[in-house]
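Working notes, structure below.
All of the numbers you see were taken from the coordinates with simple rules; none came from a lab. Keep in mind that this is a model prediction, so the values were computed, not measured. Cβ coordinates were reconstructed from backbone atoms using ideal geometry, including for glycine residues, and neighbour counts include every protein chain displayed.
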Amino acid sequence: MIDFKQQKILVQDTADQYSETLVDFDRSSVKRTWKKNQSYQLELTAANDDSLAYSILRNENSLLMGGQEYVIKQVKPDLKGYSNQVAITANHIYYESRRIWQYQKRAGTITYSIQDILHYFFDNNPYGFTWEVIGDFSKVQIENLGNTSALDALNTCVDKFNCVIYPDNKHIRIYSRDAWQKKVDKSYLYGHNTTTFSCSWDTTSIQNVTKCYGKQKDGQEGQYYFPPFIAKNSTSISRWGERPGAEISDERFTDKSAMNAYAMSTMQADPVTTMALTYDGDDQVLPGEVWYLRVEPEQFDTDVEVTGITDYPFAPDHKPEVELDNSVRTLLDEDIAQERLVKEAIKHNQLAAQEIKATNEKAVKAYDSRFIGDLYGTPTRLTRATGPQLPGYILKVPADNPDLGLKKDQQFYAATAVNYVEGLAEYVTGMLPVIPEIPKYEPATPTSDGLMSATDKVKLDQLKIEPVPELLMTDKVDGSIYVITVEKGEIKVKKGENKN
């Protein structure tokens, strides 16, 4: 991990006359951002302490931090009351390669190695830039190379050779994909050392169909070693449909199979994946490392490459934000995880449907089992001289009821009793229910029973109300008694008397 005590920021003027350590700055504002082949910059906010370092925080001067140089490109003063501050944005010195300009142009379509391009733009440059190629690259065809900056040429290398550029100050290292990635024994585990995770897919740039042209035969215009053909990525087409794109023409190929394999490797046959997370662990995260990622709620696990890091070197509590790769492997793993989730969702829906069906059957059975009745009049023997009369009903069921042994519309009389026919007790003498006497309890005392026993009352009174000066605890193994107290903020434990 970064040694924060050793970290410091030097401010240096463009003529290398002055260099001083920056002291008065917002440590939480120092943000370093690196994204593979996209950006590499440093941001901070400094306060005016009348120092030399603050006075040279100006455009095109440099910040030196962590062994790397950043050139100030944006200076934004922020005056609030008596507080004078300035917000600084500085790009890595590598981007100054745009000052190298190759005015000559090589007309026509020519086959180049990556070294050919770097020599063409960087040889004898006056700014001290050097380069190094790490890994193996095939040659590619480029049309009208030149009349542009060295930085543009590096971007062309990224597009044509699928390389990774990672600079060390003015020494520019160009990696092949295989040489760039470093498998490490580290893991991102969501819910453990990773608190946030997001993933999105962009299908905008998918191409799975192209027309291929190989090498023409010498002196025979329009005659090729193999006829031009349409190359298709069937796997991508089965998933996304046909997505045609720009043709590929390469004079290196005289074999159709080799040309087809090259076309498959250059087309963007799958969506661009964007994944990001916040890493809360202690391991240092470095560009190009390949970590194991597991997001259990999404049933998602795969190996991922670190393609972007935003860290806060002077704020150790602010955890780094990490961006991850867009490999096809990640896409396939996500598909597998999504397929598992879909299967589980279908299973849950099927179980829910079964429960709904069973509930519906119960409801239908309950509805069919209800009783309906016809009024048949009031028996005269239940008639009082005055007041309301009790009606009588003949009951029947609207459907077959095997539980009662009744057929649909079969009529029957319900058995009655005084206890469960409302109002019937008024017509029958001597059948009124007897209400038992409700016992009366007095409050309990230590010497007499009440709502509780006297013994329980004594135990209740012995309970102590918190806070208490001490606690008695029994050793689970030998039954010894220990007294726990707090003395001047410290917890004390001493052995007490064993009452047994």
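Cα centroid distance between the stretch 101-173 and the stretch 181-196, in Å?
The distance from the Cα centre of the stretch 101-173 to that of the stretch 181-196 comes to 35 Å.
Hey, what did the stretch 12-136 get for relative contact order, percent, Cα under 8 Å, at least 6 apart? Let's see the in-between values first.
Values: 170 pairs, mean separation 23.4, N = 125.
The normalised contact order for the stretch 12-136 reaches 19 percent.
Tell me the net charge near N208. Cut-off is 12 Å between Cβ atoms, N208 excluded, with +1 for each Lys or Arg and -1 for each Asp or Glu.
Values: positive: K232, R239, R243; negative: E242, D270.
So the surrounding residues net to +1.
For T148, list long-range residues whose amide hydrogen, built 1.01 Å from N in the peptide plane, is under 5 Å from its own amide hydrogen.
Q102
Taking a ≥ b ≥ c as the square roots of the eigenvalues of the Cα gyration tensor of the stretch 20-117, is the shape rounded (a/c under 1.5), prolate (a/b larger than b/c) or oblate? Write down the numbers at each step before the final one.
Numbers: a/c = 3.20, a/b = 2.69, b/c = 1.19.
The shape class here is prolate.
What whole number of Å gives the distance from the Cα centroid of the stretch 309-326 to the Cα centroid of the stretch 249-305?
Taking the Cα centre of the stretch 309-326 as reference, the centre of the stretch 249-305 is 21 Å away.
Taking 8 Å as the Cα distance limit and 6 or more residues as the minimum spacing, I'd like the relative contact order of the stretch 194-308 as a percentage. Provide the component values of the computation, followed by the final result.
Values: 185 pairs, mean separation 38.0, N = 115.
Once divided by the residue count of the stretch 194-308, the mean separation gives 33 percent.
For the stretch 141-237, what is the relative contact order in percent, using Cα pairs closer than 8 Å and at least 6 residues apart in sequence?
Numbers: 63 pairs, mean separation 13.5, N = 97.
14 percent.
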